[in-house]
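Trainee: Take a look at the following structure, please.
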Number of protein chains: 2
Amino acid sequence: MPLISNDTEGRKDVKPLALHRLPATPATVHWGYFDPALAPAIRVKSGDLVHAEAVTHHAGDAPELMMDDAIHKIFTEIPESDRTPGVHIMTGPIWVEDAKPGDMIEVRYLSMVPRFRYGANLAANWGYLYKEFNEQERVTIYQIDADGNNARAHYAYDFQGKYLTPGKITKCPECDRQKALEGVRIPVRPHLGTAGVAPDVKGRVSTIPPGLHGGNIDNWRIGAGATMYYPVAVDGALFSIGDPHISQGDGEISGTAIEASLDVVFQVILRKDFHFPSPLLETADSWIVHGFGDDLDQAMRAASLDMLHLLNEHQGLSRNDSYSLMSVAADFGVTQVVDTRQGVHVRISRGLFPPKGDRR
Amino acid sequence: MPLISNDTEGRKDVKPLALHRLPATPATVHWGYFDPALAPAIRVKSGDLVHAEAVTHHAGDAPELMMDDAIHKIFTEIPESDRTPGVHIMTGPIWVEDAKPGDMIEVRYLSMVPRFRYGANLAANWGYLYKEFNEQERVTIYQIDADGNNARAHYAYDFQGKYLTPGKITKCPECDRQKALEGVRIPVRPHLGTAGVAPDVKGRVSTIPPGLHGGNIDNWRIGAGATMYYPVAVDGALFSIGDPHISQGDGEISGTAIEASLDVVFQVILRKDFHFPSPLLETADSWIVHGFGDDLDQAMRAASLDMLHLLNEHQGLSRNDSYSLMSVAADFGVTQVVDTRQGVHVRISRGLFPPKGDRR
């Protein structure tokens, strides 16, 4: 990659990169929604770097471990009435100069560093096995090892009442804290649960269901080293990030990951040379296509059709060849089953393909 | 692993391993069904090795490349009326001495070697995107490189008529052969699409839908180096193998993999020391639990409940801890969507867990 030829030979100049700082403050976050009418927090040009803060809406699950003054300010200054219709604290939006509907923005995620050494997992009322757990919600606080490789459970507690709106600050007395997952080590996979562009709609769109604009995709592969391509729907793209995670499994079945604030560096590149209908992920060795639907079957169908499109339109395979290749070499996975709209992703190795022009 | 302690200290003797040869012949295969009333092809003791032939029911898609006299004999001597209600050529069954309902058999797959250098993928009428391809079925013949690392498309042809019953011998004239997937290389993943024990039912059970007995799981990880645990349902277990594949993606969306005969070496071990309700896969670094259902949502639920069971009952985690761990570290994938009963598998790394007794 990049997906489409990005020939650097013969270029005349190498421009110095611009770096924008985007801290999360009550003025630079929007809580629970995307909205094309929102004023940009910053404006960037294609190629610029952004160093942004992504703050978890679960920071209040262990405020003594997961909050500082700046996050506390967000939690106290943004009224609950303005955190709607979704739940995620989104940093942005970022105006990308000259971005128009029909373009793509390529976001190269370069670095994701935990802000604290703690994160929270909630077995939530929207979790997949809520009934099997007698409708008892439970918080497990995880600690990241000093070397940043693994997380371990720090303590857990049963949540009192119903966890209706993330964003509350919970006081769990010492006496209620229980040991959890003793000795179990979980490799960290820092990533953004939610990131995307403003959809072309009137008014607010919830951050909860993922969609063609990106949003709450909850694919743990959207971490440092990954590149996402988002289809631009409105002028300026209006890209925002939020819902940072330390680790998540495919499925996210309890309803949440290990939710933890991250400092994120990424580069935004405006692409007018190709279009793709849904959020597309590129890693060092794979392309991953996302499908969404009211259930897994719908999501599976959407993912299969968009992978067919990728192979046919962008790799230049015939439709017949694309279909056979998908059956023998593409791997479908369950992204999540807890975000109202469910997700299936499908991965194909980039290493399968010969260089263009070399079809031997 | 093994899943349950397999302490070898203090053992008195190391028995020489017995090796059974089980070629596929009209007398040692059953086509399209499991049946607890079937007479065993061979009888083995716990610990014995078996060197068996698994023959693809798609050998007739390129008879000049995928058949020899022994396979031709199977295709011609077993009447079509006896290939029912499923489609797979199963080698066996193997009687495991002293196996009783409630036991498990552990099958360690040691080696899977292609019998020929060719395999067939069919875009079938039962494929996931059959309608999107205007109900045209198509065969793509793949060739395995001489070094056995990769497969490449050799030629393809549109199937004439409807591919109702695999097991026919197709003559595709040279003139109908088309180039396909030029330059694309597909890493091989030799594995058994179908393997399992006889279910406890009266009469024949189709090999097409997978189930608690194993059967047509179509997980490409069931290859050399993998160990499967199957719950025994009838005396002697009556284990059979078939439906060999060279490569398949998670999903198997065209309806088939690269179907190709394999010679398989495996060891059968009778386990009376633990029970698991569904076919369980163990690899070098993972445990993988299989769920099945009429759709992906049912399969997802079954897989999630059985993974909860594995962590709770066999790893000794509390139910709460198991649930949190699954959400942050277990990966759900789509096994297949084309075998009548759909499949979801869920993987957890064995490396997460401390040695028993070391919970620091």
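The values are calculated or read from the model by the stated rules, or taken from the named source; none is laboratory data. Since the structure is predicted, the reported quantities are computational estimates derived from the model, not experimental observations. Heads up, the Cβs are rebuilt from the backbone with ideal geometry, glycines too, and the neighbour counts pull from every protein chain shown. Note: accessible area is taken over every heavy atom of the protein model, side chains too, but ligands, DNA and RNA are not part of it. Shrake-Rupley method; radii C 1.70, N 1.55, O 1.52, S 1.80 Å.
Trainee: Mind listing, in residue-number order, the residues in the stretch B:319-333 that have at least 50 Å² less accessible area with every protein chain present than in their own chain alone (1.4 Å probe)?
Mentor: Listed in order, they are B:Arg319, B:Asn320, B:Asp321, B:Tyr323, B:Ser324, B:Ser327, B:Val328, B:Asp331, B:Phe332.
Trainee: Which shape class, rounded, prolate or oblate, goes with the stretch A:231-318 when its Cα gyration tensor gives a ≥ b ≥ c as root eigenvalues, a/c under 1.5 marks rounded, and past that a/b bigger than b/c marks prolate?
Mentor: Judged from the Cα gyration tensor, the stretch A:231-318 comes out oblate (a/c at least 1.5, b/c at or above a/b).
Trainee: Over the stretch A:275-360, what lengths in whole Å, largest first, do the semi-axes of the equivalent ellipsoid take, defined as the square roots of 5 times the eigenvalues of the alpha-carbon gyration tensor?
Mentor: Equivalent ellipsoid semi-axes, largest first: 24, 12, 11 Å.
Trainee: Classify the stretch B:131-247: rounded, prolate or oblate, from the alpha-carbon gyration tensor (a ≥ b ≥ c, eigenvalue square roots; a/c under 1.5 rounded; otherwise prolate if a/b is larger than b/c)?
Mentor: oblate
Trainee: If you take each beta carbon of peptide B:296-304 and count the beta carbons of other chains within 10 angstrom, what is the mean?
Mentor: 5
Trainee: Report the Cα centroid-to-centroid distance between the stretch B:55-132 and the stretch A:131-161 in angstrom, as an integer.
Mentor: Taking the Cα centre of the stretch A:131-161 as reference, the centre of the stretch B:55-132 is 46 Å away.
Trainee: Roughly how crowded by other chains is peptide A:343-356, in terms of the mean Cβ count from those chains within 10 Å of each of its Cβ atoms?
Mentor: The shielding value for this peptide is 3.
Trainee: Contour minus end-to-end for B:Val113 and B:His20, with contour as 0.36 nm per residue of separation and end-to-end as the Cα-Cα distance?
Mentor: Difference between extended and current length: 31.8 nm.
Trainee: On to the next question. So with the 1.4 Å probe, I'd like the accessible area per residue for the stretch A:119-187, rounded to whole Å².
Mentor: That works out to 49 Å² per residue.
Trainee: State the percentage of accessible surface on the stretch A:119-187 attributable to carbon and sulfur atoms; use a 1.4 Å probe and exclude ligands, DNA and RNA.
Mentor: 46 percent
Trainee: Using only Cα atoms, what is the ratio of the radius of gyration of the stretch A:119-187 to 2.2 N^0.38 Å?
Mentor: 1.18
Trainee: Any idea how far apart B:Ala146 and B:Phe133 come out in nm if each label point goes 7 Å out from Cα toward Cβ?
Mentor: 3.2 nm
Trainee: Continuing with this model, one more query. Within 10 Å of each Cβ in B:246-258, how many Cβ atoms from other chains are there, averaged over the peptide?
Mentor: Taking the mean over all residues of the peptide, I get 6.
Trainee: Per residue Cα convex hull volume for chain A, in cubic angstrom?
Mentor: Per-residue hull volume (Cα only) is 152 Å³.
Trainee: How big is the A-B contact in terms of buried accessible area, both chains counted, 1.4 Å probe, rounded to the nearest 100 Å²?
Mentor: The A and B chains share an interface burying roughly 5500 Å².
Trainee: Would you kindly work out, in nm and rounded to one decimal, the distances from the label point of A:Pro355 to those of the same position in each other copy, ordered shortest first, with label points 7 Å along Cα-to-Cβ?
Mentor: 5.1
Trainee: Just grab the label-to-label distance for B:Asp98 and A:Ala27, each label 7 Å out from Cα along the Cβ direction, in nm (one decimal).
Mentor: Going from the B:Asp98 label point to the A:Ala27 one covers 7.8 nm.
Trainee: Moving on. Cβ neighbours within 10 Å, averaged per peptide: list B:217-227, B:170-180, A:256-266 in order, most packed at the top.
Mentor: A:256-266, B:217-227, B:170-180
Trainee: Given the Cα-Cα distance of B:Thr340 and B:Lys179 and 0.36 nm per residue of separation, how much length would full extension add, in nm?
Mentor: 54.8 nm
Trainee: On alpha carbon coordinates alone, what is the Rg over Rh value for the protein assembly as shown, Rh being the Kirkwood radius?
Mentor: Rounded to two decimals, Rg over Rh is 1.00.
Trainee: Can you list the residues of the stretch B:273-294 with backbone N under 16 Å from a point 7 Å past the Cα of B:Arg350, pointing along Cα to Cβ?
Mentor: B:280-289
Trainee: Then there's this: Residues of the stretch B:262-360: accessible area per residue at 1.4 Å, in Å²?
Mentor: 32 Å²
Trainee: Sticking with this one: Indicate the gyration tensor shape class of the stretch B:17-90 (rounded, prolate or oblate), computed on the Cα atoms with a ≥ b ≥ c the square roots of the eigenvalues: a/c under 1.5 is rounded; otherwise a/b larger than b/c is prolate and the rest oblate.
Mentor: oblate
Trainee: Moving to a separate point now. Set the Förster radius R0 to 22 Å, insert the Cβ-Cβ distance between B:Val201 and B:His275 as r into 1/(1 + (r/R0)^6), and round the FRET efficiency to 0.05.
Mentor: 0.65
Trainee: While we're looking at this one, here's another question. Give the Rg (one decimal place) followed by the Dmax (whole number) of the stretch B:202-272, computed from C-alpha coordinates and expressed in Å.
Mentor: Taking only Cα atoms of the stretch B:202-272, I get Rg and Dmax of 13.3, 39 Å.
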